[in-house]
Amino acid sequence: MADGGTHYFHYVSLNSAVQDAVVWSRTYNYNPTDANTAYDSTLDSATDVVVRNQDYTTYCGYSWHSSGGTWGLTTCNSLSGFKCEQHTVRFDLSYFNVVSRSAERGLACHEIGHSLGLEHRDTETGCMERYGTYPTYLTTHDESHLNANY
């Protein structure tokens with residue numbers, strides 16, 4: 001779970017498709033909820049989410065590029081009690097090279113959701129579902145969770 005304040009994002013040399021997907025998801029999925037997000041041009045201790053992209057093959061014990069492999073990953077860099085003070089969200093460029101804009105936005109929705117404390121959902125269709133090409137929207141359950149915690 002992140003802190004309850006504005007969720008600041010810093011982009012590290014992002015590919016334009018990745019940046020577009022992240023900005024779209026922040027604007028249309030998360031800012032309409034009580035979880036306010038903003039861009040942070042300076043990477044410092046106030047940054048809540050560092051967004052990176054790379055052509056990953058293996059990272060953090062995960063296989064990337066393979067069928068059913070990892071396309072994005074959210075990790076906690078700094079934990080304080082039960083709150084993560086800073087996350088890193090990573091996107092695999094090989095995924096962005098072969099999927100639709102909708103799939104890019106769905107993956108951004110999914111990984112940003114993790115940085116805000118959302119977990120995988122198996123009972124409803126939405127961007128937090130566990131596997132597959134993610135839809136570009138949050139479920140009402142996930143929206144309610146964000147509104148209750150921010």
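Any read-out appearing in this document is the output of simple, stated calculations on the displayed coordinates, not a laboratory observation. Computed from a prediction, not measured in an experiment: that's the story for all the values here. Here Cβ is always computed from backbone atoms with ideal geometry, including for glycine, and neighbour counts include all displayed protein chains.
Going highest first, how would you order 53-61, 83-91 by mean Cβ packing within 10 Å?
So the order, starting with the most tightly packed, is 83-91, 53-61.
Placing +1 on the Cβ of each Lys and Arg and -1 on the Cβ of each Asp and Glu in the chain, which of A21, N31, V98 has its Cα farthest towards the positive end of the resulting dipole?
Of the listed residues, the answer is V98.
State whether segment 33-150 is rounded, prolate or oblate according to the following rule on the C-alpha gyration tensor (a ≥ b ≥ c being the square roots of its eigenvalues): a/c under 1.5 gives rounded; otherwise a/b larger than b/c gives prolate, and the remaining case gives oblate.
Oblate.
Restricting to the chain, what percent of DSSP beta bridges are antiparallel, rounded to 5?
Bridges in the chain that DSSP calls antiparallel: roughly 40 percent.
Given contacts defined as C-alpha pairs under 8 Å and at least six residues apart, what's the relative contact order of segment 16-75, whole-number percent?
Computed over segment 16-75, the figure is 14 percent.
What is the spin-label model distance, in nm, from S45 to S63 if the labels are put 7 Å beyond Cα along the C-beta direction?
So the label points at S45 and S63 sit 4.2 nm apart.
For T75 and V99 in one chain, what is 0.36 nm times their gap in residues minus the Cα-Cα distance, to one decimal in nm?
Here the answer is 6.3 nm.
Principal axes first, then extents: for the Cα atoms of segment 49-110, list largest minus smallest coordinate on each axis, whole Å, largest first.
39, 25, 17
Using the Cβ atoms and a cut-off under 15 Å, what net charge is assigned to the surroundings of H120, where Lys and Arg are +1 and Asp and Glu are -1?
-4
Using Cα centres only, tell me the gap between segment 130-150 and segment 11-60 in whole Å.
Measuring centre to centre over Cα atoms gives 17 Å.
Can you show me the helix-derived [θ] at 222 nm for the chain, built from DSSP H runs with n ≥ 4 at -39,500 (n - 2.57) apiece and divided by the number of residues, rounded to the nearest 500.
Helix-only estimate at 222 nm: -7500 deg cm²/dmol.
Have a look at S78, V51, W64 and report the one farthest towards the positive end of the charge dipole of segment 36-99, computed about the Cα centre with Cβ charges (Lys/Arg +1, Asp/Glu -1).
The one lying farthest along the dipole's positive direction is W64.
First check a/c for segment 25-71, with a ≥ b ≥ c the square roots of the eigenvalues of its C-alpha gyration tensor; if it is under 1.5, answer rounded, and if not, answer prolate when a/b is larger than b/c or oblate otherwise.
oblate
Taking the Cα centre of the chain as origin, work out the dipole magnitude from +1 charges on Lys and Arg Cβ and -1 charges on Asp and Glu Cβ, in debye rounded to 20.
Using Cβ point charges on Lys, Arg, Asp and Glu, the chain gives about 240 debye.
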